[in-house]
1. Please rank V138, V72, fewest neighbouring Cβ atoms within 10 Å first, as an exposure proxy.
2. Once you order the gyration tensor axes a ≥ b ≥ c over the Cα atoms, which shape class does the range 267-332 get: rounded for a/c under 1.5, otherwise prolate or oblate by comparing a/b with b/c?
3. Given N residues in the chain, what is its alpha carbon radius of gyration divided by 2.2 N^0.38 Å?
4. Listing V176, V260 from the residue with the fewest other Cβ atoms within 10 Å to the one with the most, what is the order?
5. What three numbers, in Å, describe the spread of the alpha carbons of the range 196-333 along their principal axes, ordered from the longest?
6. Given 0.36 nm per residue, what is the gain on full extension from A172 to E132 after removing their alpha carbon distance, in nm?
7. Taking 22 Å as R0, compute the FRET efficiency from the Cβ-Cβ separation of L250 and N277 and round it to 0.05.
8. Excluding residues on the same chain fewer than 8 positions from K116, give the aspartates and glutamates whose Cα lies under 13 Å from its Cα.
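All of the numbers you see were taken from the coordinates with simple rules; none came from a lab. This structure is a prediction, so every number in the text was calculated from the model and none was measured. Don't worry about glycine lacking a Cβ; one is built from the backbone with ideal geometry, like all the others, and counts go over all protein chains shown.
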Amino acid sequence: MTHRLSGAAALAALALMTSGFQAEPARVDLPPALVALAEDAEAARDFDYMDLKDEGADLTGFSNAVYRRTAVPDSDPRCLTEGEAVLQENLAAANAAPDRAAFDDDRAAAADAWSKFTLFEEGLAHGQRATEPPFKSVSDAYAAADAETDPRARELLRRTARDQAHSHAWDAGDKVWGVLSPGARARVMARLMSATCLIDRDNTAWLKADVAANGWFRISTSGERASSAAWLMAQHADRDRPFQRQVLALMEPLVETGEVTRANYAYLWDRLAVSENRPQRYGTQGRCVGRDRWEPNTLEDPDRVEALREEADIGSLDEYQAHMHRYCADFAG
């Protein structure tokens, strides 16, 4: 099971996009000068961010404000534009850099690191094998896609393999690009966030069109791997809640006939409930409440949650919570 931070938590942490973190970043408005940069990528590249830092500006607040621009009123959230992505990356890098020289060095180090990751991911997509976790699972996913005879399932599996390569980079990217300074890492994480959003956007569009034409991926016809891959793609379709609701409705009757797994249904049920500010059923969504301390969001029926989790075959809440604590190692309140 892959975990990624979703929604507001990405604004606060530029970290793991798990299936259920919720956090509310400080509300700081983006000043007009930075709004202009968000709309002009070239100007955003040339701007003196360290001068802004020397003036005592709230770079973290500004970074969060850039992300809030993507929450378009009366519409689904969108990905950062090129200008916004450049602005956010440089704000994060300046916030982490101790001085101007380090800021410049971090820019070069991040470019090299991102190039390494891009080449690594392309290699996996073309049959290069990773022998150690977590990227071994990405190699296995690409191999399964290459062995698939159904073109529909093959495309699905290749898309989710790429999704997983980027998801694993949050935790294990240093196995590819090495140890980075805080500023260089902030840049790489910003690029990873932007790239992940674009992958999710494209995958959602593909899956919507495919499901409209062919229906849901059933275990009996497409296999469990493809059915779970389709679920994962829907799970990451956070910028299209109506589509997630549609998928959940498609999955519900298929749970009873064994055509989708109860675990996949449980995770999507909770993810959608929390996004709509409703109590969750299975306790899969939560947030950091302290360093190394994760807790689930509000439960629909706390007394029944363990029975429901057992029915969904997703382990006890205590076991899940112990696993999720590690995602809160850097929580600062």
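1. V72, V138
2. On the way: a/c = 2.20, a/b = 1.40, b/c = 1.57.
Oblate, because a/c is 1.5 or more while a/b does not exceed b/c.
3. Numbers: Rg = 20.3 Å, N = 333, 2.2 N^0.38 = 20.0 Å.
Normalised Cα radius of gyration, the chain: 1.02.
4. V176, V260
5. Over the range 196-333, Cα extents along the principal axes are 46, 35, 25 Å.
6. 13.3 nm
7. Numbers: r = 23 Å, r/R0 = 1.06.
Efficiency for this residue pair is about 0.40.
8. The reachable aspartates and glutamates, counting only those whose Cα sits under 13 Å from K116, are D174.
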